[in-house]
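None of the figures in this text is laboratory data; all of them are computed from the coordinates on show. Computed from a prediction, not measured in an experiment: that's the story for all the values here. Because the Cβ atoms are built from the backbone with ideal geometry, glycine has one as well, and the counts that use them run over all protein chains shown.
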Ligand SMILES: Cc1ncc(C[n+]2csc(CCOP(=O)(O)OP(=O)(O)O)c2C)c(N)n1
Ligand SMILES: [Mg+2]
């Protein structure tokens, strides 16, 4: 079990930030219950709930059968009567088996009935580890297209901690995408206070610049920052915007930045067609097209499932080098 | 295709799942009514009043559909014994999850019939206490809900039984359906999970058509509920048809109740036209759930009395003889015959109950018709705040 994190702490691994957020929220609120496959004694596929069974007992840390739809449905029903369930998908990819419960039951419940569904689903997603077509996908857009859901995509430990606690407190269904590649690589301080009790749209400027605005989330924010550093040495100043929350979308920050830089690129690990980059590009065109000096560019995965071979996979995920070269092209327009 | 080929598109083939005599006999729980018991007659009388109210409710809306006053209606006719008796087995504090043919359960759960129709029962309902709160208002709002009025439970945003009603102060926790069949079974089990987690002895009941037992959610939810011993009762309303699909094309087992074996829980098949038999099965299941012993799967055998929805031609798929048989097994006729044969009711009293129920329904629906429509420009939030 991790130590109490109620005080400002030093650098924390992303994976530990998630564990800490769960544990701290479970300590603070006895209605919080975890459900998932192999999360109890085993501590989950990524060991996020290691030690939880001992601290919180098997009533609150529930191993489930392999039944995503059934589990999410049970979580929904219980959340309507006072329980605060946090459901772990073993891998984000498997959420497709629970899709109907999320998009039809949970997402529409408040609109239909005015009865809130305070539910969190944690989704370990993303590639970079040679895990193949069914353990590497970036599927946030399946849910961004559904009104009534909130979608979170932290790139940093601090956001991971703060937003998971906020997601559990939020009275709406929240899909919390945690990036597997960042689990044991990203390390930064936790922001432990104050914890908001709602997920609101957030965009944060991680690096200010005057030449191009980039928008990214999750792992791609780290790669975009690397690219911005390289370009800075060439005299190109990139304004890097991170979206820790994708839905609701805070697009005002993006528009304000694009009005300043007059160029924009969206970088995402998800596939291109119909991806969230298209939505952001459309918003920029709606509200800032007269400020633009170049077309809005999307730098994304190609429209293909994730291949197994690490080299094949790496060639598809936007790299700092590819981001640099595409941003340079944008400046040449 | 030859002249002799019986497999022509429009021939009516017998449905192998249809009743061979009345109801398949092997698993049927028969009526437990001790002959001549006044208490038992009293229970039946109580259920009958609600069954009649439910019947009149549906007849009214069927009629409104025919006159074009309503865009869609799924009839509950024929399901009343199962739905009313099931709702008689629960109490305030329990959760109820219903589908499109469960008006009987809703009316029984929401309403104090004596408050609406004084003297219809000689005393307060005895099988279970009536729900507290304002029955008249609830009934009116229910009618508004059916008609998409502002005062309905969804202010016109959701159709008919696709709504929830929570009145926490009275222990009323009713969750309606979404269209996607099977989807609400896990949600119902989830309410049972909340009860278990909170250490209460509350239970959840949920209905499902025999057609939707083929969905994955049926299996997933029953399996988890069984592993976790959730206080959950799933009632299959087996009316032998799903839209136009007979049971022979829906499942290959003899009895859906037998599936319980695969979950390690009790499964009971019961004559769903017999309110007393259903009540007895449900009371056993509810007691088991309250005691912490887990779920029960109940299969209530019913007849198909109407088309899938009013105005479609799906009833043409049901062989004439089969349909006639269902007509002869009308749950209201059965209850009324028992009450008359037992010397409890006269035919005249039965007629009076029917008339009073019918006029209550007509008055309430008329009143709802005159109530305001929703403001079509109102905004409705997708998020809770
Ligand atoms: C998932 C899903 N698929 C298809 C439908 C369309 N549909 C509505 S009712 C129905 C038949 C339902 O049959 P059954 O479950 O036996 O219930 P019954 O209407 O006979 O009471 C169908 C196919 C639906 N509502 N949901
Ligand atoms: Mg059916």
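Things worth noting here:
- Computed FRET value (nearest 0.05) for residue B:126 with residue B:333, which takes r as the C-beta separation and R₀ as 41 Å: 0.95
- Rounded tilt (10° steps) of A:320-332 against the dominant C-alpha axis of chain A: 40
- Inter-label distance, nm, simple model (7 Å from Cα along the C-beta direction), residue B:179/residue B:367: 3.2
- For the range A:1-90, relative contact order (Cα pairs under 8 Å, six or more residues apart, normalised by length) works out to 30 percent.
- 0 to 90° range, to nearest 10: angle between helix A:219-233 axis and chain A longest Cα axis: 30
- Residue B:258-residue B:313 FRET efficiency (beta carbon distance; Förster radius 56 Å; 0.05 resolution): 0.95
- Beta bridge orientation in chain B: antiparallel %, DSSP, nearest 5: 20
- Rel. contact order, % - alpha carbon contacts under 8 angstrom, at least six apart, chain A: 16
- For a label point 7 Å along the Cα-to-beta-carbon line of residue A:29, residues of the range A:134-153 with backbone N under 17 Å: A:149-152
- The DSSP beta bridges internal to the protein assembly as shown are antiparallel in roughly 20% of cases.
- Rounded tilt (10° steps) of A:14-28 against the dominant C-alpha axis of chain A: 40
- With a Förster radius of 51 Å applied to the beta-carbon distance between residue B:351 and residue A:226, the computed FRET efficiency rounds to 0.05.
- Cut-off 17 Å, label 7 Å out along Cα→Cβ of residue B:359, residues of the range B:121-150 by amide N: B:121
- Exposure proxy ranking, count of Cβ atoms within 10 Å, fewest first, for B:51, A:89, B:369: B:369, A:89, B:51
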